[in-house]
Amino acid sequence: MVGVGEAPPILDFSAFYGGDAAAKKKLVDDVRSCCLHNGFFQITGHNVPRELQQGIMDWNKKFFDLSLEQKMEVSKDTTNTWNRGYELLKSQILEEGTLPELKEGFYIGDEISKSHPYFINKKLNSGPNMWPSPTVLPDVEDFQKTSLAYYYQVVDLAKDILKVLAQTLHLEESWFDEFSEGAVATMRLLHYPSQPPDSPQKLTRGIGAHTDFGTITILLQDNVAGLQVLDNQTKEWLDVEPTPGAFVVNLGNLMMRWSNDKYISNTHRVINQSGHERYSIPVFFSGNPDFVVECLPNCRAEGEEAKYAPVTVEQAVLGGYADSYGRAERFKKDAAAKASEVPPVNGVAVA
Ligand SMILES: O=C(O)CCC(=O)C(=O)O
Ligand SMILES: [Fe+2]
């Protein structure tokens with residue numbers, strides 16, 4: 001059992017792959033308890049090799065070491081409309097009232113060609129990845145290979161975690177298979193510069209308090225702390241300790257909605273006051289974009305209404321994005337308007 005006010009526990013996921021029924025049942029019970037409480041846990045004993053985790057983390061650092069000009073060649077905002085490539089520092093504000101976030105990102109997903117039906121039909125985050133050119137990054141081929149190998153392994157892990165989640169709801173292990181078929185997932189390499197000592201403590205965020213929009217998120221942290229989850233009951237921030245080789249797993253808003261709010265998609269944030277650069281890699285597993293999400297079995301009492309109308313995966317995830325990026329855009333426009341304010345001439349303001 002996970003106690004109130006306790007940090008997300010580290011669970012040994014190898015029980016899922018083994019033949020020990022009692023260990024498997026304990027894993028399912030522990031995962032259920034986390035889903036009901038804070039929607040966060042860490043796992044070791046998964047099948048993603050340590051060398052691959054290390055390999056992608058090394059590439060994370062190497063990519064952000066490129067110059068701004070080189071990174072902007074693969075800008076997410078100017079080179080494509082399907083959410084791939086580089087995202088500038090201070091592009092997002094996830095927590096209303098805080099400053100634009102001290103993080104930069106690089107978005108990678110399934111390698112979807114322009115002839116793929118998902119690209120043709122403009123499905124959620126679907127299209128070719130944006131890789132730096134070999135003149136900028138001579139061993140870009142290894143960057144691609146490592147990224148995609150890692151991505152596919154973590155997507156497979158997400159499907160295994162969903163098998164455990166099905167069991168936590170007393171459903172067949174295969175319950176989420178159709179939803180997972182043709183799933184969209186997005187991974188982002190993240191770099192959080194250390195917060196400058198003179199930046200306002202109360203307003204500075206690596207990533208502001210938010211919940212994730214998708215179904216489940218699988219996150220790799222390096223060894224620099226900074227991720228915190230808000231305890232649902234005590235309302236205190238709990239540190240999610242970096243643990244070598246472990247993944248942090250958390251439920252997103254889609255899973256919360258799907259479970260009729262029985263399972264929790266919880267608020268979390270990153271504040272990097274460590275004095276070191278922090279790197280992390282979340283993979284957001286959304287699911288098949290056309291799959292219709294409608295109250296899961298065993299998530300409401302007999303006769304009780306579902307709280308939410310059915311929605312497709314795509315509709316649900318896109319709604320979340322619009323809010324957070326809109327806030328950063330408005331903040332920047334307001335700041336630019338203020339900066340360009342010129343003192344009134346003859347009593348008439350000129351803008
Ligand atoms: O970097 C982290 O540890 C958390 C990232 C995160 O919460 C997100 O990208 O949604
Ligand atoms: Fe998050």
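The values are calculated or read from the model by the stated rules, or taken from the named source; none is laboratory data. Owing to the predicted nature of the structure, the values given are computational and were not obtained by experimental measurement. Cβ placement follows ideal geometry from the backbone for every residue including glycine, while neighbour counts extend to all protein chains displayed. All accessible areas refer to the heavy atoms of the entire protein, side chains included, with ligands and DNA or RNA removed. Shrake-Rupley method; radii C 1.70, N 1.55, O 1.52, S 1.80 Å.
Looking at region 214-234, I want the residues that are under 24 Å from residue 312 (Cα atoms) and have a partner that is within 11 Å of ligand 2 (Cβ to nearest atom) and open to solvent by 20 Å² or more (accessible area, probe 1.4 Å) with Cβ atoms under 7 Å, at least 6 apart or on another chain. Which pairs are those?
214/284; 217/284
Taking the condition open to solvent by less than 60 Å² (accessible area, probe 1.4 Å), more than 16 Å from ligand 2 (Cβ to nearest atom) and within 22 Å of residue 31 (Cα to Cα), does residue 160 pass? Working first, answer last.
On the way: open to solvent by less than 60 Å² (accessible area, probe 1.4 Å): yes; more than 16 Å from ligand 2 (Cβ to nearest atom): yes; within 22 Å of residue 31 (Cα to Cα): yes.
Judged against the criteria, residue 160 is a match.
Here is a check on your reading of the model: is residue 87 within 16 Å of ligand 2 (Cβ to nearest atom), at pLDDT 95 or above, crowded, with 18+ Cβ neighbours inside 10 Å and within 18 Å of the chain's Cα centre (by Cα)?
Details: within 16 Å of ligand 2 (Cβ to nearest atom): yes; at pLDDT 95 or above: yes; crowded, with 18+ Cβ neighbours inside 10 Å: yes; within 18 Å of the chain's Cα centre (by Cα): yes.
Yes: the conditions hold for residue 87.
Of the residues that make up region 155-168, is at least one more than 30 Å from residue 298 (Cβ to Cβ), small (Gly, Ala, Ser) and not in a loop (DSSP other than H, G, I, E, B)?
Pass one, region 155-168, residues more than 30 Å from residue 298 (Cβ to Cβ): none.
There is no residue in region 155-168 that is more than 30 Å from residue 298 (Cβ to Cβ), small (Gly, Ala, Ser) and not in a loop (DSSP other than H, G, I, E, B).
Would you confirm, using the coordinates I've provided, whether residue 199 is away from ligand 1 (no atom under 12 Å from the Cβ) and at pLDDT below 95? Lay out the reasoning, then the answer.
Values: away from ligand 1 (no atom under 12 Å from the Cβ): yes; at pLDDT below 95: yes.
Yes.
Filter region 279-301 down to residues that are among the aromatic types (Phe, Trp, Tyr) and open to solvent by 10 Å² or more (accessible area, probe 1.4 Å) and give me whichever is nearest to ligand 2 (Cβ to nearest atom).
Kept after step one, since they are among the aromatic types (Phe, Trp, Tyr), are these residues of region 279-301: 279, 284-285, 291.
Applying the additional criterion that residues be open to solvent by 10 Å² or more (accessible area, probe 1.4 Å) yields 279, 284, 291.
Numbers: 279: 15, 284: 8, 291: 22 Å.
Looking at residues that are among the aromatic types (Phe, Trp, Tyr) and open to solvent by 10 Å² or more (accessible area, probe 1.4 Å), I get 284.
Every residue in region 265-285 that is assigned to a strand (DSSP E or B) and within 11 Å of ligand 1 (Cβ to nearest atom), please. So that I can check it myself, show each step before the final result.
Applying the first criterion (assigned to a strand (DSSP E or B)) to region 265-285 yields 268-270, 278-285.
Those that are assigned to a strand (DSSP E or B) and within 11 Å of ligand 1 (Cβ to nearest atom): 268, 269, 270, 278, 279, 280, 281, 282, 283, 284.
Is it true that residue 93 is in contact with a helix residue (DSSP H, G or I) (Cβ under 6 Å, 6 or more places away or on another chain), open to solvent by less than 30 Å² (accessible area, probe 1.4 Å) and modelled with pLDDT under 95?
Values: in contact with a helix residue (DSSP H, G or I) (Cβ under 6 Å, 6 or more places away or on another chain): yes; open to solvent by less than 30 Å² (accessible area, probe 1.4 Å): yes; modelled with pLDDT under 95: yes.
Yes: the conditions hold for residue 93.
Are there any pairs with C-beta distances below 9 angstrom linking a residue in region 252-278 that is open to solvent by 10 Å² or more (accessible area, probe 1.4 Å) to a residue that is aromatic (Phe, Trp, Tyr) and assigned to a helix (DSSP H, G or I), with the two at least 6 apart or on different chains, and if so which?
Note: pairs meeting the criteria are 277/64.
Applying the selection to region 286-306, what residues are in contact with a strand residue (DSSP E or B) (Cβ under 9 Å, 6 or more places away or on another chain) and either within 11 Å of ligand 1 (Cβ to nearest atom) or assigned to a loop (DSSP other than H, G, I, E, B) (or both)?
Residues of region 286-306 in contact with a strand residue (DSSP E or B) (Cβ under 9 Å, 6 or more places away or on another chain): 286-294.
Correct list: 288, 289, 290, 291, 294.
On the given criteria, is residue 216 of a type in the set (Val, Ile, Thr), within 13 Å of ligand 2 (Cβ to nearest atom) and over 18 Å from residue 153 (Cα atoms)?
Answer is no for this residue.
Are there strands (runs of 3 or more DSSP E) fully within region 214-264 with at least 2 residues that are within 17 Å of residue 50 (Cα to Cα)? List them.
Those strands (runs of 3 or more DSSP E) span 216-221, 247-251.
For region 263-283, enumerate the residues that are in contact with a helix residue (DSSP H, G or I) (Cβ under 7 Å, 6 or more places away or on another chain) and not hydrophobic (A, V, I, L, M, F, W, C).
Quick first cut of region 263-283, residues in contact with a helix residue (DSSP H, G or I) (Cβ under 7 Å, 6 or more places away or on another chain) only: 263-265, 279, 281, 283.
Passing the criteria: 263, 265, 279.
Under the condition of being of a type in the set (Ser, Thr, Tyr) and more than 23 Å from residue 281 (Cβ to Cβ), which residue from region 99-116 is nearest to ligand 2 (Cβ to nearest atom)? Steps first, please.
Step one: of region 99-116, the residues of a type in the set (Ser, Thr, Tyr) are 107, 113, 115.
Applying the additional criterion that residues be more than 23 Å from residue 281 (Cβ to Cβ) yields 113, 115.
Numbers: 113: 29, 115: 33 Å.
The residue in question is 113.
Please specify each residue of region 96-123 satisfying the condition of being away from ligand 1 (no atom under 16 Å from the Cβ), of a type outside the set (Asp, Glu) and at pLDDT 95 or above.
112, 113, 114, 115, 116, 117, 118, 119, 120, 121, 122, 123
Hey, can you tell me all the residues within region 202-248 that are out of contact with any strand residue (DSSP E or B) (no Cβ under 7 Å at 6 or more places or on another chain), within 11 Å of ligand 1 (Cβ to nearest atom) and open to solvent by 40 Å² or more (accessible area, probe 1.4 Å)?
Result: 213, single match.
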